[in-house]
Each structure stands twice: as structure tokens, then as C-alpha cells.
1. For segment 125-154, enumerate the residues that are of a type in the set (Asp, Glu) and either open to solvent by less than 30 Å² (accessible area, probe 1.4 Å) or within 16 Å of the ligand (Cβ to nearest atom) (or both).
2. Picking from GLU380, GLU372, which residue would you name as being open to solvent by 10 Å² or more (accessible area, probe 1.4 Å), at pLDDT 95 or above and closer than 26 Å to THR120 by Cα?
3. Please report, ordered by residue number, the helices (runs of 4 or more DSSP H) entirely within segment 204-285 with at least 3 residues that are of a type in the set (Gly, Ala, Ser), over 19 Å from GLN194 (Cα atoms) and open to solvent by 20 Å² or more (accessible area, probe 1.4 Å).
4. Could you give every pair whose Cβ atoms fall below 6 Å, whose first residue belongs to segment 349-362 and is in contact (Cβ under 8 Å) with a residue 60 or more places away in the chain and charged (D, E, K, R), and whose second residue is more than 10 Å from the ligand (Cβ to nearest atom) and open to solvent by less than 40 Å² (accessible area, probe 1.4 Å), counting only separations of at least 6 or pairs across chains?
5. Of everything in segment 333-351, what is aliphatic (A, V, I, L, M), outside any loop (DSSP other than H, G, I, E, B) and over 21 Å from ALA77 (Cα atoms)? Give them in sequence order.
6. Given the conditions (1) more than 16 Å from LEU34 (Cα to Cα); (2) of a type in the set (Phe, Trp, Tyr); (3) surrounded by fewer than 22 Cβ atoms within 10 Å (Cβ to Cβ), report the number of the one that TYR118 does not fulfil.
7. Of the residues ALA212, ALA192, ALA206, ALA236, which is farther than 28 Å from ASN138 by Cα, away from the ligand (no atom under 16 Å from the Cβ) and hydrophobic (A, V, I, L, M, F, W, C)?
Amino acid sequence: MNTKSMHFPPNFVWGVATSAFQIEGAAAEDGKGLSIWDTFCRQPGVIADGSNGDIACDHYHRWEADLDMIAGLGVDAYRFSVSWPRVRPTGSGAWNEAGLAFYERLVDGLLARGIKPYLTLNHWDLPEALQAGGGWANRDTVARFVEYALGIHARLGDRVVSIATHNEPWVMAHLGHEAGVFAPGIKNRRTAMQVSHHLLLSHGLALQALRAAGCKARLGIVLNLSPMHAATDSAADRAKMTLEDGQLLRWYLDPLFKASYPQDVLEVLGADAPAVEAGDMAHIATAMDFMGVNYYSRSVVSAGEPWDVMSSGREITDMGWEVYPEGLTELLVRLHRDYPVPPLFVTENGGAFKDELVDGRVHDEGRTRYIEQHIEAVAEAMRQGVNMGGYMVWSLMDNFEWASGYEKRFGIVHVDYTTQQRTLKDSARWYQGFLQQQKQGG
Ligand code: FCB
């Protein structure tokens, strides 16, 4: 079975994805406020190449040409995020008309080109002014987020197809507040768990508020999920695997679909468990119209020495992540089996590879193969009964890869950061051809 002979349903949504901080640049233009990533990047040593998001792909100025490029790929949808501090610089108080107008032009530009806008409200760039008041660890931020969601709905809600509240709450909570390797760079497990609870609560309350305001867009959340495998069959490895499955998957899926946190994880957390108020869990479990799954690789868990990724004999991407497409099928089938999930979208999938631009071409066979194999894995999940709504490549173009700076390239379009020139890689050409085939009925 390969993608050449695959027929996806005609309403299956094909897309490409980006996020605001990673592509926009214009960090201090037209009244935009600082985000926690603007300030985090200023700390010495936290970003691999010492870079920041000040210019990034300069998409804030080049959005029109970028939309033409997206349209040229033949995709149905574009997943992007709104920068909260661009539209409401301090996260409370005055709104920034220039920022709102930018996203209005972007959404109208997509619609004019026949591309469905898939909007994410929070792809990590919290207004710095809110962080100064405790950020996501402060329960007040939940109410600010609901206001933000309603403000975006008031301007764009009639034109976007889909609104995701948060992108990858585990990453914000754990990498941002426990490991401290992402903004805001805090290292405290208790704080991280409270952050995860506030993110989930703000998701549920935003959904309720958006629906009460008559929002017609399809509402959901985007999670980063990996199937967990034990490195060996030993009891210790299996126990660790179950716990990590609890921390990464069930900690988010159980509250969203069963209105409770997993007992085994709560026990391990002890006094670090979050403070939960009466009614919170029911709010979190507010029904969703879709759920987004970001998938890059599986996780292999060992109770002793960390598992060596080289030992699997699989291809490894430039991030050091194992290429493991069947893990995507396994994950989607498990979600379908264990939870009453709404239609699932792969909202991110792709790979960083060492690309070389030679004579205007990038022969990125590794990335092309990666995408093709993962699309096949989605088709297999559908054959096994999973209700899938769409698939989106991460990413449209090379961009600011967080703590890795500009060193890791995920784009199907190459970006020359000196000239800002965009060049379609072979993977983009492949995707274009594949989508054309799908449109013609396979
Ligand atoms: C995900 C993020 C996305 C991108 C990819 C590689 O965790 O959502 O912004 O950085 O990883």
C-alpha cells in the first residue's frame, strides 16, 4: 500500500501549519506587546544559535506572497496562530487595532484564495505582562484567556473554520515550567502542574463562552501525543512506561473526556498535584468538535539509562527523533478505542532534516518519505475505524524552532534567512502532486 493508490474521502482536509511567533517577526511593530518568548530569547544560552523571533520569516510583511505560495500548493487549509500580545499587548486592557486588522487581512486573504482558516489561539506566546503577574500559574490568566478568545471571535469567528484553544499544553506546562527549557523558563513541578490545570480549565471555559457567543467555528484543542513503549519487558521499564503514559497522554485525555485526572499520576505527584476548584473538571470536559494530534515519533521508556535512539536501527531526523510512522496508527487507534473522541486531525506532522539548497532545489528525500509514510499511517488508522478529519504538515516553511533557533529546518519550503527568499523543496512538490491526485479522485 502506498499513497499512490490511496483514496481519502473528498471532504478530508489537507493542510500546512505554522505558528505566529515562529514566522511573523515584526516583534515590536504596530503596537505589538512583548510575549514570554520575546523575553525568554534574551536570556543568554537558552536558544541554541542565540537567535530570537524579531524577524523570523518576516511573514508579518510578506503574508500576501506567503498566501499565494500556500494556495499554489493546492492545500485545503492553513493552520496558523494568533499572537495574543499582537492583538492585546498586555493581555488585559486595550486591544490593538493594527494587530486585529493584520489577522483580518490574513483570514480574508485565505478565503479569497479558497483556503480554509484553521486558527489556534495560544501557540505559546503569552503576553509578558501576564507572566509578570504569574502567567499560567495564576488562575486570573484563565479569565484573560476567555476574554481573548471572545475578542478573536468577535473579529474573526464568522470566517474561520476552526478554532483550537491551546497548542500542546504539556509542552507549555512541562517544558516551560518544570524542565524550564522553553519560555518562561521556570523549574518547579508544582507550578507546572498548576499551569496544566489552568490551561485545561481555560480551554473548557473558552469553549463554553465561544458557544454562548454563537461561534460557528469548530472548537477543540491540540495535544502532543506519542505512544509509549517500554525499552524492555522488565517490570521496572513497564511501570515507568505506564507512568509516563499517564503524564503525557492520560493527564490531558482523562480530564478532557472523563472529567478526572489519572489516579496513578496524582499519587506520584503528591503535594505537587494542582489545586482544583469545585466544578473545574466538568468545565474541562466540555464537548469538543474536533481534537488535534501533533505526532512526530514514539517514546521509548527505560527505568535505567535513557534508551539509546540509535539502537532501533531506524532513520533519525535532525532533531534526533526516530522515524516511527506505525506509532501514528497505533496512537490514533488507541484514542478511538479508549476515549469518546470527536473527529481527529493530525494538526502537525513532519521532520527536520539537513537540507541543502543547490541550484534552486532542495532534494529532501528524507522529509518526503517521512510525510508519505505518515499519510499512509493515517490511512491505516482510518481502515481500522478511526474518524479522521484531516492532516497538516509541520511546517509550511522553515522557521524559528524554539530553543533550537533557526538551526532545525522543518519546512517543505526552504527559507533563506538573509534574503527571505522562499524555495519549494522537493517535499513541497511531492505534496502538491499528491494533493492534485487526491482532487482527481486518486
Ligand atoms: C511542536 C510545536 C511546533 C513545532 C514542532 C516541531 O511541538 O507545536 O511549534 O515547533 O513541534
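The values are calculated or read from the model by the stated rules, or taken from the named source; none is laboratory data. None of these values were measured; they are calculated from a predicted model. With ideal geometry, Cβ positions are generated from the backbone for all residues, glycine too; neighbour counts draw on all protein chains shown. Each accessible area value is taken on the protein alone, full model and side chains, heavy atoms only, with ligands, DNA and RNA left out. Shrake-Rupley method; radii C 1.70, N 1.55, O 1.52, S 1.80 Å.
1. Of all residues in segment 125-154, those of a type in the set (Asp, Glu) come to 125, 128, 140, 147.
Of everything in segment 125-154, just one residue is of a type in the set (Asp, Glu) and either open to solvent by less than 30 Å² (accessible area, probe 1.4 Å) or within 16 Å of the ligand (Cβ to nearest atom) (or both), namely ASP125.
2. Values: GLU380 fails: closer than 26 Å to THR120 by Cα.
Being open to solvent by 10 Å² or more (accessible area, probe 1.4 Å), at pLDDT 95 or above and closer than 26 Å to THR120 by Cα holds for just one of GLU380, GLU372, which is GLU372.
3. Numbers: elements: 235-245, 251-258, 263-269, 280-284.
By residue number, 235-245.
4. Short answer, once both residue conditions are applied: ASP355/VAL362; ASP355/ASP364.
5. Start the filter on segment 333-351 by keeping residues that are aliphatic (A, V, I, L, M), which leaves 333, 335, 341, 344, 346.
Going one step further and asking which of them are outside any loop (DSSP other than H, G, I, E, B), we end up with 333, 335, 344, 346.
If the condition is that a residue be aliphatic (A, V, I, L, M), outside any loop (DSSP other than H, G, I, E, B) and over 21 Å from ALA77 (Cα atoms), then VAL333, LEU335 are the ones that fit.
6. (3)
7. Numbers: ALA212 fails: farther than 28 Å from ASN138 by Cα; ALA192 fails: farther than 28 Å from ASN138 by Cα; ALA206 fails: farther than 28 Å from ASN138 by Cα.
Result of the check over ALA212, ALA192, ALA206, ALA236: ALA236.
Residues are listed down the side, and each one gets a yes or a no for (1) closer than 30 Å to GLY135 by Cβ; (2) within 21 Å of the chain's Cα centre (by Cα); (3) surrounded by fewer than 23 Cβ atoms within 10 Å (Cβ to Cβ):
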residue	(1), (2), (3)
ASP58	yes, yes, yes
GLY72	no, no, yes
THR90	yes, no, yes
ASN96	yes, no, yes
